[in-house]
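The values are calculated or read from the model by the stated rules, or taken from the named source; none is laboratory data. What you see is a predicted model, and the numbers here were worked out from it, not measured in a lab. As a convention, Cβ positions derive from the backbone with ideal geometry for all residues, glycine included, and neighbour counts pool all protein chains shown.
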Amino acid sequence: MKAIGRSIIIGIAGLGMTSLWMFFPYQSVVSFEKLDRQGKNVYMPIKEGEHFDLKFTHSVHLSDVIEEYEVKNERLYPVQLTYEDTAIGMPSNGSEGETFEMKDGKYYITDLQGFHESISLSVGQVRANHTIIYKDRSYLLKDYVGAGSVINIEADHVSNLELMRGVTFDE
């Protein structure tokens, strides 16, 4: 009888641990969710405090723009903005508390203020080439969510079940 009771307790504990592993949202990610809800969500597992870049080609200047973000407390904190032209659509100076400088033909704004709960983005169809750069790897967004898609980018915590239902950049 004692062996049966012990087996039941071990089985219940195992079921509980499996459920916790499957359903508890502990995995820190940056999610790329299509606003039309067509297709799977795309996830980039990332640790709190780590950085990633959003790189794109500016539609007017046709030069690269790189926005660097830090993931912290389920928010996206801008860290640095790098670009080559200060004309249409790009700042010619930093805001209060920010540092603006030019090095090697590029403009840098650092010490950026504030945070984003999420970022809405229309993934370019022609020239933009919206790319996520993380840990020295590049992921062209249109390959994962489709060109012309409108997506919401946000820091979040998801369960292993949600990760399995979605797509990660490494797949």
| Test result for residue 33, part of a strand (DSSP E or B), under 21 Å from residue 91 (Cβ atoms), within 11 Å of the chain's Cα centre (by Cα) and not basic (Lys, Arg) | no
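State whether the residues of the range 1-11 include one that is under 13 Å from residue 160 (Cα atoms), modelled with pLDDT under 80, assigned to a helix (DSSP H, G or I) and not aliphatic (A, V, I, L, M).
No, the range 1-11 contains no residue that is under 13 Å from residue 160 (Cα atoms), modelled with pLDDT under 80, assigned to a helix (DSSP H, G or I) and not aliphatic (A, V, I, L, M).
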| Do we have residue 112 as over 14 Å from the mean Cα position of the chain (by Cα), surrounded by fewer than 16 Cβ atoms within 10 Å (Cβ to Cβ) and not in a strand (DSSP E or B) here? | no
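Does the range 83-100 contain at least one residue that is of a type outside the set (S, T, N, Q), under 30 Å from residue 158 (Cβ atoms) and without any contact (Cβ under 8 Å) to a residue 60 or more places away in the chain? Show your work before the answer.
Looking only at the range 83-100, we keep the residues that are of a type outside the set (S, T, N, Q), and these are 83-85, 87-91, 94, 96-98, 100.
Restricting the remaining residues to those that are under 30 Å from residue 158 (Cβ atoms) gives none.
Within the range 83-100, not a single residue is of a type outside the set (S, T, N, Q), under 30 Å from residue 158 (Cβ atoms) and without any contact (Cβ under 8 Å) to a residue 60 or more places away in the chain.
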| field | Some residue of the range 93-105 being out of contact with any His (no Cβ under 7 Å at 6 or more places or on another chain), of a type in the set (A, V, I, L, M, F, W, C), farther than 22 Å from residue 168 by Cβ and surrounded by 12 or more Cβ atoms within 10 Å (Cβ to Cβ) | value | yes
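Table: residues versus (1) closer than 30 Å to residue 136 by Cβ; (2) touching a helix residue (DSSP H, G or I) at 6+ places or on another chain (Cβ under 6 Å); (3) charged (D, E, K, R).
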{"residue": "2", "(1), (2), (3)": "no, no, yes"}
{"residue": "6", "(1), (2), (3)": "no, no, yes"}
{"residue": "14", "(1), (2), (3)": "no, no, no"}
{"residue": "50", "(1), (2), (3)": "yes, no, yes"}
| said: Return the residues of the range 14-32 that are buried (at least 19 other Cβ atoms within 10 Å of the Cβ) and farther than 19 Å from residue 73 by Cα; say none if nothing qualifies. | reply: none
| message | Against the conditions (1) surrounded by fewer than 16 Cβ atoms within 10 Å (Cβ to Cβ); (2) in contact with a helix residue (DSSP H, G or I) (Cβ under 9 Å, 6 or more places away or on another chain); (3) closer than 22 Å to residue 126 by Cα, where does residue 45 fall short? Just the number, please. | response | (3)
| query | Any idea which of 75, 37 is within 28 Å of residue 158 (Cα to Cα) and exposed (fewer than 10 other Cβ atoms within 10 Å of the Cβ)? | reply | 37
| Looking at the range 119-152, which of its residues are of a type in the set (S, T, N, Q), at negative phi and either in contact with a helix residue (DSSP H, G or I) (Cβ under 9 Å, 6 or more places away or on another chain) or buried (at least 17 other Cβ atoms within 10 Å of the Cβ) (or both)? | 125, 131, 149
